[in-house]
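Structure record follows, encoded as structure tokens.
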Amino acid sequence: MIRDTELQELVEMMGKKGPVLSLYLNVDPHRRTVEKYKLALRRLLASVDDQASSADLQRVLRYFDFEYNWHGRGVACFSCQADGFWRAYPLFVPIEDSVFVNPRPYIKPLSNLVDNYARHGVAVVDHEGVRLFLFYMGTLEDVSGMLGEDVKHHRAGGRSAARFQRAAEETVERNVKDAVEEAIHFFESSCKRIMVAGTDDNVSLFRSQLPRAWQERVVGTFNVDANASAAEIGELALNVARQVAVARERALVEQVVTTASKGGPAVMGLADTVTALQDGRVMQLVMTEGYEAPAYRCQNCSYISIVTAATCNFCGGPMLPVPDVINTLVRRTLEAGNSVVVVSGDDSPDLSLLGNIGALLRY
């Protein structure tokens with residue numbers, strides 16, 4: 001998995017003595033056997049053997065032949081052997097095959113993964129306690145929990161039945177309140193997104209006891225047996241995270257389109273987005289998955305122009321073509337501490353209105 005600090009390292013890295021080979025490989029066992037992974041890997045590397053150095057190609061092959069344990073669902077590799085740079089990140093979420101050779105690491109696919117599958121907590125609840133799990137990018141980081149009083153159910157009838165039922169309900173209420181307190185203590189400083197799992201009744205009861213601020217942190221729920229394994233819980237949580245990500249993407253695209261159409265702080269299309277980014281106004285960048293666009297960049301001041309230009313309008317420096325400027329826009333957005341969202345072409349009906357790229361602005 002990859003941490004925020006490691007993503008930031010990739011954002012700042014630039015090959016000095018040669019280009020950087022960036023490779024993403026889907027190794028999801030539900031889609032491919034190991035033999036098929038390796039065939040896809042060879043095809044990817046063959047497609048750039050005239051651009052990447054042989055040392056970088058061999059470094060990637062050596063990693064998959066001798067170092068990678070073939071666990072997980074995706075892998076991201078970055079190599080610039082001329083500068084002594086090598087990074088490899090197994091991912092527990094699937095990723096599409098792709099390969100790039102650029103002066104900088106190609107980070108666009110990673111930026112969305114870090115945002116969508118960031119650290120999140122799962123509270124598995126029942127009448128007697130709670131099991132707490134902390135996941136990051138699908139990997140289990142920490143566990144905790146509490147077991148409250150035994151809930152004694154009285155099956156006999158008679159005048160005492162109502163009294164026993166009330167006692168059982170009071171025990172459940174105490175257990176749930178203690179479970180909520182335990183969950184808040186466990187998650188408070190570790191994550192902002194939580195999921196609640198269990199039976200529908202237990203989930204509803206637990207959520208009803210959460211303070212309002214914590215109810216807003218709940219991004220999803222799912223049904224699971226209280227004694228399910230951590231692996232099963234993690235898999236179900238990943239599925240919920242994917243659904244949440246799609247919903248967030250759709251809402252963001254709609255927000256950008258609506259805000260820009262009303263003349264508010266948002267832009268649509270490459271030209272206006274580039275201008276806003278260079279003015280320092282972009283707060284959140286959104287684009288279609290797989291979108292690429294050529295441009296020109298000044299070698300002196302790094303000014304970007306999407307129209308043909310020989311010299312920079314600002315400093316007079318030479319303008320050189322950039323085959324795909326989108327990675328540059330992503331990198332600059334992340335460098336400024338802002339977020340990037342990459343949206344699947346099937347995820348939003350408003351993408352055609354967006355023009356493949358847009359942004360929410362600070363002003």
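The values are calculated or read from the model by the stated rules, or taken from the named source; none is laboratory data. For clarity, every value in this text was computed on a predicted model and none was experimentally measured. Here the Cβ positions follow ideal geometry from the backbone for every residue, glycine too, while neighbour counts run over all protein chains shown. The area values use the complete protein model at the heavy-atom level, side chains included, leaving out ligands, DNA and RNA. Shrake-Rupley method; radii C 1.70, N 1.55, O 1.52, S 1.80 Å.
What to note about this one:
- Out of Glu35, Glu96, sole residue that is in a helix (DSSP H, G or I), among the acidic types (Asp, Glu) and either open to solvent by 20 Å² or more (accessible area, probe 1.4 Å) or modelled with pLDDT of 90 or more (or both): Glu35
- Unique residue being open to solvent by 50 Å² or more (accessible area, probe 1.4 Å) and at pLDDT 95 or above when the list is Asn223, Asn300: Asn223
- Some residue of segment 352-361 being open to solvent by 70 Å² or more (accessible area, probe 1.4 Å), touching a strand residue (DSSP E or B) at 6+ places or on another chain (Cβ under 6 Å) and either at pLDDT 90 or above or closer than 28 Å to Ile95 by Cβ (or both): no
- Positions within segment 270-283 being hydrophobic (A, V, I, L, M, F, W, C) and open to solvent by 60 Å² or more (accessible area, probe 1.4 Å), in sequence order: Met283
- Restricting Ala237, Ala230 to those that are open to solvent by 30 Å² or more (accessible area, probe 1.4 Å), out of contact with any Asp or Glu (no Cβ under 6 Å at 6 or more places or on another chain), touching a residue at least 60 places away in the same chain (Cβ under 8 Å) and more than 27 Å from Glu169 (Cα to Cα) reduces the list to Ala230.
- Residues being open to solvent by less than 10 Å² (accessible area, probe 1.4 Å) and not aromatic (Phe, Trp, Tyr) - total across segment 73-93: 8
- First in segment 329-354 and at negative phi, second anywhere and open to solvent by 40 Å² or more (accessible area, probe 1.4 Å) and modelled with pLDDT under 75, Cβ under 6 Å, 6 or more apart: none
- Residues (loosely packed, with under 13 Cβ neighbours inside 10 Å and either assigned to a helix (DSSP H, G or I) or polar (S, T, N, Q) (or both)) located in segment 312-343: Asn313, Glu335
- The residue that is modelled with the lowest pLDDT, among those in segment 179-208 that are open to solvent by 10 Å² or more (accessible area, probe 1.4 Å), closer than 17 Å to Ser144 by Cβ and in contact with an Asp or Glu (Cβ under 9 Å, 6 or more places away or on another chain), is Ser190.
- Hits in segment 210-219 - residues which are open to solvent by 70 Å² or more (accessible area, probe 1.4 Å) and in contact with a helix residue (DSSP H, G or I) (Cβ under 8 Å, 6 or more places away or on another chain): Gln215
- Filter result (of a type in the set (Gly, Ala, Ser) and in contact with a Pro (Cβ under 7 Å, 6 or more places away or on another chain)) within segment 11-35: Gly15, Ser22
- Being of a type in the set (Val, Ile, Thr), modelled with pLDDT of 95 or more and either surrounded by 17 or more Cβ atoms within 10 Å (Cβ to Cβ) or under 17 Å from Asp324 (Cβ atoms) (or both) holds for only one residue in Val286, Val267, Val253, and it is Val267.
- In segment 180-218, of all residues being of a type in the set (A, V, I, L, M) and touching a His at 6+ places or on another chain (Cβ under 7 Å), the one that is nearest to Val125 (Cα to Cα) corresponds to Met195.
- Unmet criterion (only one of (1) part of a helix (DSSP H, G or I); (2) touching a strand residue (DSSP E or B) at 6+ places or on another chain (Cβ under 9 Å); (3) open to solvent by 30 Å² or more (accessible area, probe 1.4 Å); (4) over 28 Å from Ile357 (Cα atoms)) for Thr258: (4)
- Meets criteria (over 27 Å from Leu91 (Cα atoms) and touching a Phe, Trp or Tyr at 6+ places or on another chain (Cβ under 9 Å)) for Val267: no
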